[in-house]
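Notes follow the structure.
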Amino acid sequence: MRIAATLAGVITGSLVGAVTFFQIPVAGAVIGAIASALVAAGMLISNRPSSSEKRFAAMHSWEVSEDSDAVATEALEGRAIVGLGRSAMEGEWRGRRAARFRVGLHEGVNDKDVWIEGVFIDGQIPTADLAPRGSRRIRIRHPDAHKFGRVWKVFSADTEFASELLHDEMRSRLLSAPTPRNWVLFGERFVGVRYEAFAPNCKGTPGRLDLVSDLADLVPRSAWDLLRNRASAGSGSVELVVSRDGYRAAHPNSPSRLPLKVSARSPQRDSLRRVAITVVVVVTLGVIATYVTT
């Protein structure tokens with residue numbers, strides 16, 4: 001598949017070059033083909049495992065995926081992916097299927113190239129994203145001691161589910177996450193973290209996979225009850241929500257004592273809102289400055 005895509009890119013580049021340099025089509029075609037080949041070679045080299053990834057794979061018996069895009073699409077189902085998944089590796093972590101890969105995510109006015117690491121769960125849940133508020137560590141002895149919202153901002157279109165998901169023990173684990181904190185992604189059949197890094201480095205991967213494994217273990221039975229009841233009311237199958245084994249293994253959470261603020265806006269809409277506010281402030285300051293100086 002990669003060879004076919006590379007050949008198609010080279011042929012397309014040669015055609016574009018021939019059209020662009022229509023006065024000397026042969027030279028244009030050669031230039032276009034060379035440029036396309038160089039781009040394809042760069043992409044193939046960048047997708048090769050680094051020494052850090054090779055050490056991690058050898059230590060934990062992981063393998064480089066033959067179809068990175070399929071892994072990214074499965075893990076991030078329902079999210080706005082930009083381009084193809086790259087550099088995917090798969091294996092097991094604490095008894096669950098796990099993966100790490102690189103992908104572009106659409107976020108408001110920006111497209112971010114990020115690394116995703118996480119585990120697959122035995123069930124299907126609505127999407128909920130947790131964005132860290134800054135990188136500082138706030139000392140919290142108990143989730144009731146300080147507001148959870150000082151550390152994490154929660155995005156979910158299903159606010160009822162998000163409130164049920166983030167019970168006290170789940171919040172305690174999130175509050176104990178090492179700094180700098182990364183985005184946490186719940187959604188469909190995957191629990192993961194996303195972070196930005198210029199080069200692949202698996203040094204922190206075990207700690208991140210331990211975090212998301214803990215979070216997957218803490219998905220509460222009450223959240224599954226909520227989703228199963230919805231499925232039953234809609235004449236759906238509860239087995240499509242979570243298997244019997246997955247339900248029996250779910251965390252028997254205690255009732256949450258801390259009210260949770262959940263933003264129904266998506267991270268993309270929140271990003272656009274911040275940009276709009278910035279534009280309004282800048283324009284307002286510009287009008288005031290013009291009025292003062294005239």
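The values are calculated or read from the model by the stated rules, or taken from the named source; none is laboratory data. Owing to the predicted nature of the structure, the values given are computational and were not obtained by experimental measurement. Quick reminder, even Gly has a Cβ in these numbers, built from the backbone with ideal geometry, and neighbours come from all protein chains shown.
In table form, for the structure just shown:
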{"read-out": "Criterion (modelled with pLDDT of 85 or more, under 20 Å from F190 (Cα atoms) and assigned by TED's automatic domain parsing to the domain that holds D129) met by exactly one of A57, A80, A99", "value": "A99"}
{"read-out": "Looking only at the range 111-139, and only at residues there that are over 22 Å from N201 (Cα atoms) and in a loop (DSSP other than H, G, I, E, B), the one that is modelled with the highest pLDDT", "value": "R133"}
{"read-out": "Set G28, G91: member being closer than 25 Å to F186 by Cα and either in a helix (DSSP H, G or I) or modelled with pLDDT of 90 or more (or both)", "value": "G91"}
{"read-out": "Enumeration of residues in the range 199-216 that are part of a helix (DSSP H, G or I), small (G, A, S) and surrounded by 14 or more Cβ atoms within 10 Å (Cβ to Cβ)", "value": "S213, A216"}
{"read-out": "Residues that are within 21 Å of S87 (Cβ to Cβ) and outside any strand (DSSP E or B), drawn from the range 166-198", "value": "N182, E196, A197, F198"}
{"read-out": "Residue count, the range 72-90 (criterion: touching a His at 6+ places or on another chain (Cβ under 6 Å) and either without any contact (Cβ under 8 Å) to a residue 40 or more places away in the chain or closer than 22 Å to A57 by Cβ (or both))", "value": "1"}
